[in-house]
Amino acid sequence: MLVVRKANDGDSKEIFDWRNDALTRQMSHNTEYVEWDGHSNWFSSSLTNENRLFIMCEKKDTLEKIAIVRFDVDEGRALVSINLNPNQRGKGLAKVCLTNSIDYFSKYFSDINRIVAEIKKENIASEKTFLGIGFEKYNVENEVGFYEKLLVISKNGN
């Protein structure tokens, strides 16, 4: 079973390592190696950015970190991305992490009903994951696919 929680400073080193993994860099919009100081400053400021939410996905029994899911809120929508622990690839955990993270996100940003993802055309695994949890492709531009999922907002906030 997987659980999600808000990320904290103690997650920075793992996220740094995952971000600089060769396949992660290849599938990212920015493929450059990220230096520790730059990452550390970015991560710390991201944790206090009211328009960004980092959610850590972990195995419930061991608290092994599975993935980080990032939401950037802007103009009534949220851009979502996931970075899976390289040791957890191919285990079918990304869908559950994303689904649980979207539910968690919805509690913090209950007025946001549109979540979008930008996925490189070559990133077939991510495309399948996002399509598998109800995202729909609506555009392709410069070898990047654009996907969206509309959330139902309840009137009582639940």
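The values are calculated or read from the model by the stated rules, or taken from the named source; none is laboratory data. Being a predicted model, the structure only gives us computed values, none of them experimental. Glycine also receives a Cβ, built like all others from the backbone with ideal geometry; neighbour counts cover every protein chain displayed.
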Quiz item: Only one of (1) within 19 Å of Glu75 (Cα to Cα); (2) among the β-branched types (Val, Ile, Thr); (3) over 13 Å from the mean Cα position of the chain (by Cα) fails for Ile115. Which number is that?
Solution: (3)
Self-check item: Residues that are farther than 21 Å from Asp17 by Cβ and either assigned to a loop (DSSP other than H, G, I, E, B) or touching a Leu at 6+ places or on another chain (Cβ under 7 Å) (or both), drawn from the stretch 34-89
Solution: Thr48, Asn49, Glu50, Asn51, Lys60, Asp61, Phe71, Asp72, Glu75, Gly76
Quiz item: Are any of the residues in the stretch 142-149 crowded, with 18+ Cβ neighbours inside 10 Å, touching a helix residue (DSSP H, G or I) at 6+ places or on another chain (Cβ under 7 Å) and farther than 18 Å from Val3 by Cβ?
Solution: yes
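Results for (1) surrounded by 11 or more Cβ atoms within 10 Å (Cβ to Cβ); (2) assigned to a helix (DSSP H, G or I); (3) among the acidic types (Asp, Glu); (4) without any contact (Cβ under 8 Å) to a residue 60 or more places away in the chain, shown as yes or no for each residue.
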{"site": "Ile112", "(1), (2), (3), (4)": "yes, no, no, yes"}
{"site": "Ser126", "(1), (2), (3), (4)": "yes, yes, no, no"}
{"site": "Leu131", "(1), (2), (3), (4)": "yes, yes, no, yes"}
{"site": "Gly134", "(1), (2), (3), (4)": "yes, no, no, yes"}
{"site": "Tyr138", "(1), (2), (3), (4)": "no, no, no, yes"}
Quiz item: Can you name every residue in the stretch 71-81 that is surrounded by fewer than 19 Cβ atoms within 10 Å (Cβ to Cβ) and within 12 Å of the chain's Cα centre (by Cα)?
Solution: Asp72, Leu79, Ser81
Quiz prompt | Residues satisfying the stated conditions in the stretch 49-77, i.e. on the phi > 0 side of the Ramachandran plot and among the hydrophobic types (A, V, I, L, M, F, W, C) | solution = Leu63
Exercise. Take the residues in the stretch 10-61 that are surrounded by fewer than 17 Cβ atoms within 10 Å (Cβ to Cβ), of a type in the set (Lys, Arg) and farther than 23 Å from Asp103 by Cβ, then tell me which one is modelled with the highest pLDDT.
Key: Lys13
Quiz item: Out of curiosity, is Lys149 in a helix (DSSP H, G or I), more than 18 Å from Asp21 (Cα to Cα) and either free of Cβ contacts under 8 Å to residues at least 12 places away in the same chain or among the basic types (Lys, Arg) (or both)?
Solution: no
Practice problem: Output the residues belonging to the stretch 91-102 that are touching a residue at least 12 places away in the same chain (Cβ under 8 Å) and either surrounded by fewer than 22 Cβ atoms within 10 Å (Cβ to Cβ) or of a type outside the set (Ser, Thr, Tyr) (or both). | Solution: Leu93, Ala94, Lys95, Val96, Cys97, Leu98, Thr99, Asn100, Ile102
Quiz item: Yes or no: Ala125 among the small types (Gly, Ala, Ser) and farther than 21 Å from Asn20 by Cβ?
Solution: no
